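The next block holds one structure in the form of C-alpha cells; read it before the comments.
The values are calculated or read from the model by the stated rules, or taken from the named source; none is laboratory data. Everything quoted here is computed from the prediction, not taken from an experiment. Cβ placement follows ideal geometry from the backbone for every residue including glycine, while neighbour counts extend to all protein chains displayed.
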Amino acid sequence: MTGLRETGATELDVAARVVELVHEVAGPTAEAEVTVVRHDLALTRFANSFIHQNVAESQVTVRLRVHVDGRTAAGGGSLVDPDGLRALVGRTLAAARLCPPDPAWPGLTPPSAVRSNGLLDEATAYAEPAARAERVRAFVDAVGGLEAAGYCRTSYRSGAFANSAGQAAQGRTTEAAMDGIARTAGADGVARLCAGRLDEVDGSVLGVRAAAKARAAADPVELPPGRYEVVLEPAAVADLLQNLAWYGFNGKRHVEGQSFARPGTAQFDPAVTLVDDPTYGGAMPFDLEGTPRAALTLVEAGTTRAVAHDRRSAAGAGTASTGHGAPGGATFGPIPRNLRMAGAGPATAGGGPGGGAAGPGSGGGPVAGAVADADTAALVAPMARGLLVSDFWYTRVLDPKSLVITGLTRNGVWLVEDGVPVRAVRNFRFTEAYPRALGPGAVLGLGRRPVRQPDRLDGGWWEGPPLRLASWNFTGGASG
Amino acid sequence: MTEFDAAAAAVQAALDAGARYADARVMHLRYESMSARNGAIEELTQDESLGLGVRALVGSGWGFHAVPELSDAAARAAGRRAAEVAAASARVAGPPITLTPAEPVVASWASDCAVDPLGVPLSDKGDLLVRATEAARGQGADLAQGLYQVWDTRKWFVSSEGHRIDQHIRECGGGISATSIGEHETQRRSWPSYRGQYGTTGWELVESLDLTEHAARIADESRALLTAPECPAGETDLILGDEQLALQIHESVGHAIELDRILGWEAAFAGTSWLDLARLGSLRYGSELMNVTIDPTIPGALGSFGFDDEGSPAVKRDAVREGRWVGVLAGRDSAAVAGLGYGGSVRADGWARLPMVRMTNVGLEPGPHTLDEIIAATDDGVLMDVNRSWSIDDRRLNFQFGCEIAWEVRNGRRGRMLRNPTYTGIGPLFWRSMDMLSSEIVPWGTPNCGKGQPGQIGHTGHPAAPARFRGVRVGVRA
C-alpha cells in the first residue's frame with residue numbers, strides 16, 4: 001500500500017488522474033469533480049498541568065463526485081495508489097448507476113481563477129512536537145501554580161481540485177491554535193487564540209490571561225435567573241457566530257424555509273456587520289466543488305445581505321454559489337465557517353487573530369482580572385447592572401427557524417454594578433433566541449477589535465469583539 | 001505484508017526508539033450513507049480508508065502518530081515518530097504512568113450480521129428512503145427526510161505485551177423525519193428517532209424499523225404540533241419515553257462515569273464530572289430502581305465489541321446498582337491512576353485517532369412496570385418523547401432537554417398533544433426522583449457522540465425504557 005509521498009505525485013496530479021479514470025471507464029460525457037487534500041494535523045493536549053495526550057496524524061483524502069446519465073454519487077478514500085484510485089472510481093460510478101435520477105444536479109464549476117490565500121507558514125506546517133510543547137510549558141508556567149489544561153494545535157493542508165469541465169486549482173494553508181484554562185477551586189478562566197502562524201501564539205500571554213480570569217472567578221455566588229444586560233467576551237461571541245452560521249446563513253436551510261434570514265431586511269442592530277472571510281487563514285482558496293472562495297458579507301450594518309451557498313443550494317435559490325461546498329453539504333447545507341463580526345475600531349486588512357502590541361488574544365490592554373482587556377473594560381464601564389460572561393458551553397437549538405438556543409455559561413461570570421465587576425457568579429443556563437438578542441436596538445456596544453477563536457475543527461474560526469447586549473435570558477441557575 | 005505485520009513493525013520501531021510500551025492498530029474503514037428528501041435521493045456517499053495508528057509510552061509521556069500507508073517503511077517511521085512525540089511530552093511531564101495488568105490476547109471476533117448492509121443493492125436501499133419520504137411528503141410534511149448509515153470496520157491490533165487481535169464490526173441504522181414549517185417556528189417528528197436507530201448488526205435492523213409505515217403518522221403529528229398548545233411551564237410529574245431516556249442516560253450518567261473526566265483529563269473541553277472517586281461504592285446516584293450497567297457484550301447494541309482498542313476483552317460491569325454508584329468507564333492508564341483493576345472502555349473512531357475512554361453500552365436494566373401502568377398511575381403530568389435538543393453543563397449536572405412531542409397526562413390517561421416540550425434539572429436529583437420504570441427495554445444506539453481533541457465520533461448504546469420522574473421543571477422557553 002503506497003501513499004502520496006511514495007508515489008511522488010502532487011495532489012493536482014492525483015485529482016487529474018481520477019478525472020481521466022472516470023472518462024476511461026464511463027466515457028467522455030461523464031461529469032466528475034475531484035478534490036485531493038493532504039492534511040497534517042498535530043495536537044498537544046495538557047491537563048492537570050502536564051501533557052497527557054500528544055498526537056500527530058498525516059491523512060490524504062480523495063473525494064470524487066460523478067454525474068452520469070442524470071444520476072449522481074460521491075465517494076471518498078485514503079488510497080492513492082493506482083489500484084486504490086481505480087477502486088474509488090469503480091465503486092462511485094457503480095453507485096451512480098444504481099441511484100435514482102438527480103434532476104437537481106447543478107452542474108460543474110466552470111473554469112475560473114482561484115487566487116492563493118498566501119497564508120502558508122512553513123514553520124507552522126512542519127512544526128515539531130517540541131514547538132507545541134514549549135507553548136504548553138509557557139502556559140503552565142504562566143498560570144502561577146494554578147492547574148492548567150488545554151491544547152496547542154498546528155495544521156497544514158495541501159490540496160487540489162480538478163473537474164471534467166476544465167476547472168483546476170491548488171492551494172496550501174496553515175493554522176495554529178491554542179486553547180487553555182487555568183483552574184482554581186471551583187473556578188476556571190479561559191484564553192483562546194487561532195492564527196495562521198504558530199509564532200503568533202504565545203502560551204505565556206494566554207496563560208497569564210487565563211490565570212487572571214480564574215482568580216477573579218473564585219468564590220462565586222448564585223444569582224436568580226432572569227433577564228440581565230450582558231457583556232459577552234469573544235469566546236462567548238464565537239458561539240453566537242457559530243450558531244448563526246450553521247442555522248441562519250446556511251443556504252440550504254434558507255431555501256427550505258428553516259432559516260430566520262431574510263436578505264434585504266434590517267434584522268440586526270446597525271452595529272452588527274458579519275463577513276465570512278475564508279481568504280484569510282485556515283481555509284483552502286476553493287471549495288469542494290472547485291468554486292473560488294472570497295469574502296462574503298452576510299450582514300451589513302444590521303441588514304441581512306446574503307446566505308452561503310454551494311452549487312446545489314444556489315440552484316435552488318436561483319443564484320450563484322458563494323464557494324461554500326463541503327463534504328456532507330447536500331445533507332447539512334453550506335456553512336460559512338470563517339465568520340467575523342466587525343469591531344467598532346478601524347478594520348484591518350484581512351482581519352487578524354487579535355494580536356498586536358498588547359499580545360495575542362488579549363483584545364488589547366492590560367490584564368487585570370475579571371475585565372482582562374481594554375476593549376472589554378470600555379463596555380463594562382457604562383453598565384449600571386449586568387453580567388460579564390466569558391464563555392458559552394453546550395449550546396443546542398430548540399427551534400432552528402427562530403434560532404432559540406439553550407446552553408450554559410462557562411469559564412467565568414461576574415456581576416457588574418456601576419461599571420465594576422463586584423463579584424463572581426455561578427454558572428447560569430440560558431434559553432435565548434440569538435437573532436433577537438442581536439436585533440435592532442439590542443446591541444449597546446461592541447469592542448474595537450475582533451479576536452479570532454478556533455473552531456473545534458481546524459480550518460474554521462469565529463472572530464468577534466466583546467459585545468454589550470441589552471438583554472440575555474438566563475433560565476436557570478447552578479441549582480437547577 | 002499483512003496488516004498484523006504492519007502493526008507489529010510499528011510497535012517494534014517504537015520500542016527500538018525508546019518506548020517502554022507501544023501498541024498499534026491497522027484499520028480498514030468502509031462507510032456508506034444515503035439521504036433522501038421529499039421523495040428524491042439527496043446524497044449518496046461511500047468512503048473507504050486504510051491506515052495505521054501507533055501509540056508509544058516513553059517515560060511518563062504518551063505519543064501517537066498515524067499514517068495512511070501500510071508499507072514496512074511507513075509503519076516503522078510511524079512507530080519512531082510516535083516515540084519522538086512521546087519524548088516531547090516530557091517537556092511538561094506528569095506523574096509516572098502505569099497500565100493495569102493485562103493478559104496478552106490472541107483472538108479474532110466479529111459482530112453478528114444476518115444481512116450484510118453493504119451487500120444490499122443500493123437501489124433497494126434508495127427505494128426504501130424514497131418511498132418513506134414520499135409518503136411523509138404526501139401526507140403534508142413540508143420537509144420529509146430519510147437517512148441510513150453503514151459502517152464496516154476491520155481492525156488489527158498488536159501490542160508490545162503480545163496482543164494480536166483482529167475484529168470485524170458491522171454497524172448500521174437509519175430513520176426518517178417529517179418537518180412542518182410555520183411562520184415563526186418549525187415542528188419535527190421522527191421515526192424511530194431523529195437520524196434513526198443504530199446497532200452493531202446487519203441490514204435486518206433497518207428493515208425492522210418499518211420506515212414507510214410510520215411516515216404518514218409523523219407527518220400528521222408534525223403538522224398538528226404547529227397549532228398544538230405549548231407545553232405549560234412549571235413543576236410536574238414527567239414521563240419519558242425510552243428514546244429520550246436513552247439520551248438522558250448518555251448525557252447524565254454515561255459521560256459522568258468516564259474516568260478520564262473524573263480525573264480531570266478532559267477539563268478544558270468536554271469537562272469534568274461531579275463524581276468524586278472517594279465516593280465510588282457509596283454515593284447515592286438515583287432511586288433504588290436505578291440499575292445501570294456497562295455492557296459491551298449485548299448482541300446487536302451499538303456499543304458492542306469483542307475487545308476494546310487496548311485489547312481488553314468485553315466484560316459486563318455495574319455502573320449503578322440499586323441507585324448506588326459502583327463503576328466507571330476506564331482505560332488501562334486511567335484505571336491504574338484511580339487504583340482500579342479494570343479498563344475495557346477505550347476506543348478510537350479510526351486509525352488516525354488516539355484511543356480514549358468511551359462509552360460502550362451504558363443503560364438501564366428493566367424495571368417492574370409498563371408504560372401503560374405508568375400513565376395509569378399518573379394523575380397530573382406530562383409524557384415527552386423523542387429527543388429534539390440536549391444540553392448539559394461541563395460537570396454533567398445541570399441539563400436541559402427538548403423533545404419533539406409531548407402529551408398531557410390527566411387522571412391516568414394520555415390527553416392532548418403539547419408542542420415545544422422541554423425539561424430541566426440536576427442529574428442526581430432527577431435520578432433520585434425516578435419512581436416508576438418500565439420493563440420495555442430498547443437498546444438505543446447513538447452514533448454521534450463527540451469527544452476528544454482532535455474530535456472523535458463515538459458509537460454508543462443505551463438500553464432504556466419509559467420511566468416516571470417526580471416534580472420536574474418543564475416548559476422552559478426563551
Scan segment B:47-69 residue by residue and report those that are within 7 Å of chain A (Cβ to nearest Cβ) and either more than 30 Å from the chain's Cα centre (by Cα) or not in a loop (DSSP other than H, G, I, E, B) (or both). B:Asp47, B:Glu48, B:Ser49, B:Leu50, B:Gly51, B:Gly61, B:Trp62, B:Gly63, B:Phe64, B:His65, B:Ala66, B:Val67
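Pick out the one residue from B:Glu221, B:Glu213, B:Glu266 that is among the acidic types (Asp, Glu) and under 18 Å from the mean Cα position of the chain (by Cα). Outline the logic, then answer.
On the way: B:Glu221 fails: under 18 Å from the mean Cα position of the chain (by Cα); B:Glu213 fails: under 18 Å from the mean Cα position of the chain (by Cα).
Just one listed residue meets the conditions, B:Glu266.
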Scan segment A:436-465 residue by residue and report those that are surrounded by fewer than 22 Cβ atoms within 10 Å (Cβ to Cβ) and within 18 Å of A:Asp269 (Cα to Cα). A:Arg436, A:Gly439, A:Pro440, A:Gly441, A:Ala442, A:Val443, A:Leu444, A:Gly445, A:Arg448
Would you check which residues across segment A:410-448 are within 17 Å of A:Leu241 (Cα to Cα), of a type in the set (Phe, Trp, Tyr) and assigned to a strand (DSSP E or B) and list them? A:Phe430
Residue satisfying all of: in segment B:176-202; hydrophobic (A, V, I, L, M, F, W, C) and within 17 Å of B:Val130 (Cα to Cα); farthest from the chain's Cα centre (by Cα) among these: B:Ala178
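How about segment B:442-478: which of its residues are in contact (Cβ under 8 Å) with a residue 40 or more places away in the chain, assigned to a loop (DSSP other than H, G, I, E, B) and surrounded by fewer than 19 Cβ atoms within 10 Å (Cβ to Cβ)? Step through it out loud before you land on a result.
If we filter segment B:442-478 for residues that are in contact (Cβ under 8 Å) with a residue 40 or more places away in the chain, which is where we start, we get B:442-449, B:451-454, B:456-477.
Checking which are assigned to a loop (DSSP other than H, G, I, E, B) leaves us with B:452-454, B:465-466, B:475-477.
Once the filter is applied, which keeps residues that are in contact (Cβ under 8 Å) with a residue 40 or more places away in the chain, assigned to a loop (DSSP other than H, G, I, E, B) and surrounded by fewer than 19 Cβ atoms within 10 Å (Cβ to Cβ), segment B:442-478 yields only B:Arg477.
State yes or no: is B:Lys155 surrounded by 19 or more Cβ atoms within 10 Å (Cβ to Cβ) and within 13 Å of chain A (Cβ to nearest Cβ)?
Details: surrounded by 19 or more Cβ atoms within 10 Å (Cβ to Cβ): yes; within 13 Å of chain A (Cβ to nearest Cβ): no.
Taking the combined requirement at face value, the residue does not satisfy it.
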Please tell me if B:Ile457 is within 14 Å of chain A (Cβ to nearest Cβ) and touching an Asp or Glu at 6+ places or on another chain (Cβ under 7 Å). yes
Name the helices (runs of 4 or more DSSP H) wholly inside segment A:290-409 in which the number of residues that are over 26 Å from B:Gln145 (Cβ atoms) and modelled with pLDDT under 95 is 1 or more. A:374-380
Quick one: in segment A:23-50, which of the residues that are surrounded by 19 or more Cβ atoms within 10 Å (Cβ to Cβ) and at the interface with another protein chain (Cβ under 7 Å from one of its Cβ atoms) is nearest to A:Gly8 (Cα to Cα)? A:Leu41
What is the residue count in segment A:172-208 for residues that are within 14 Å of chain B (Cβ to nearest Cβ) and not in a strand (DSSP E or B)? 6
Can you tell me which condition A:Leu108 does not meet? The list is (1) of a type outside the set (Val, Ile, Thr); (2) in a helix (DSSP H, G or I); (3) in contact with a strand residue (DSSP E or B) (Cβ under 9 Å, 6 or more places away or on another chain), and all the others hold. (2)
Any residue in segment B:201-208 that is of a type in the set (Ser, Thr, Tyr) and closer than 28 Å to B:Met27 by Cβ? yes
Flag for A:Ala56 being at pLDDT 95 or above and of a type outside the set (Phe, Trp, Tyr): yes
Can you tell me how many residues within segment A:399-446 are in contact (Cβ under 8 Å) with a residue 60 or more places away in the chain, among the basic types (Lys, Arg) and under 17 Å from A:Gly248 (Cα atoms)? 1
Would you mind telling me which numbered condition in (1) facing another protein chain (nearest Cβ under 9 Å); (2) more than 30 Å from B:Val130 (Cα to Cα); (3) touching a Gly at 6+ places or on another chain (Cβ under 7 Å); (4) buried (at least 24 other Cβ atoms within 10 Å of the Cβ) B:Val92 fails? (3)
Answer with yes or no whether B:Ala338 is out of contact with any Cys (no Cβ under 9 Å at 6 or more places or on another chain), aliphatic (A, V, I, L, M), within 27 Å of B:Thr201 (Cα to Cα) and within 14 Å of chain A (Cβ to nearest Cβ). no
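Can you say whether A:Trp472 is more than 20 Å from the chain's Cα centre (by Cα), within 13 Å of chain B (Cβ to nearest Cβ) and part of a strand (DSSP E or B), as far as the supplied structure shows?
For A:Trp472, the condition - more than 20 Å from the chain's Cα centre (by Cα), within 13 Å of chain B (Cβ to nearest Cβ) and part of a strand (DSSP E or B) - is met.
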Matching residues, segment A:311-332, being within 22 Å of the chain's Cα centre (by Cα) and among the charged types (D, E, K, R): A:Arg311
Please return the ranges of strands (runs of 3 or more DSSP E) entirely within segment B:382-426 where 2 or more residues are surrounded by fewer than 21 Cβ atoms within 10 Å (Cβ to Cβ). B:398-410, B:413-418
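Filter segment A:180-216 for residues that are acidic (Asp, Glu) and either buried (at least 24 other Cβ atoms within 10 Å of the Cβ) or without any contact (Cβ under 8 Å) to a residue 60 or more places away in the chain (or both) and give the result. Steps first, please.
Restricting attention to segment A:180-216, the residues satisfying the condition of being acidic (Asp, Glu) are A:188, A:199-200, A:202.
A:Asp188, the sole residue that qualifies.
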For segment A:51-89: of the residues being over 13 Å from A:Thr35 (Cβ atoms) and of a type in the set (D, E, K, R), which is surrounded by the most Cβ atoms within 10 Å (Cβ to Cβ)? A:Glu57
Of the numbered conditions (1) touching a residue at least 40 places away in the same chain (Cβ under 8 Å); (2) among the hydrophobic types (A, V, I, L, M, F, W, C); (3) within 12 Å of chain A (Cβ to nearest Cβ), B:Ala268 fails exactly one; give the number of that condition. (1)
Those residues of segment A:380-406 which are buried (at least 23 other Cβ atoms within 10 Å of the Cβ), within 20 Å of B:Phe269 (Cβ to Cβ) and at the interface with chain B (Cβ under 7 Å from one of its Cβ atoms), in sequence order: A:Thr406
Among the numbered conditions (1) under 25 Å from B:Ser389 (Cβ atoms); (2) within 14 Å of chain A (Cβ to nearest Cβ), tell me where B:Val150 comes up short. (1)
Considering (1) more than 8 Å from chain A (Cβ to nearest Cβ); (2) of a type in the set (Gly, Ala, Ser); (3) under 28 Å from B:Thr100 (Cβ atoms), say which one B:Ala36 fails and leave the rest. (3)
Which listed residue is within 14 Å of chain A (Cβ to nearest Cβ), farther than 19 Å from B:Asp295 by Cβ and out of contact with any His (no Cβ under 6 Å at 6 or more places or on another chain), from B:Asn448, B:Asn411: B:Asn448
Which of the residues spanning segment B:70-80 are touching a residue at least 12 places away in the same chain (Cβ under 8 Å) and more than 7 Å from chain A (Cβ to nearest Cβ)? B:Asp72, B:Ala75, B:Arg76, B:Ala77, B:Ala78, B:Gly79, B:Arg80
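Going through B:His250, B:His255 one at a time, which residue ends up being within 30 Å of A:Arg410 (Cα to Cα), crowded, with 19+ Cβ neighbours inside 10 Å and in contact with a Cys (Cβ under 8 Å, 6 or more places away or on another chain)? Quick ask: steps written out before the conclusion?
Details: B:His255 fails: in contact with a Cys (Cβ under 8 Å, 6 or more places away or on another chain).
Exactly one of B:His250, B:His255 is within 30 Å of A:Arg410 (Cα to Cα), crowded, with 19+ Cβ neighbours inside 10 Å and in contact with a Cys (Cβ under 8 Å, 6 or more places away or on another chain), namely B:His250.
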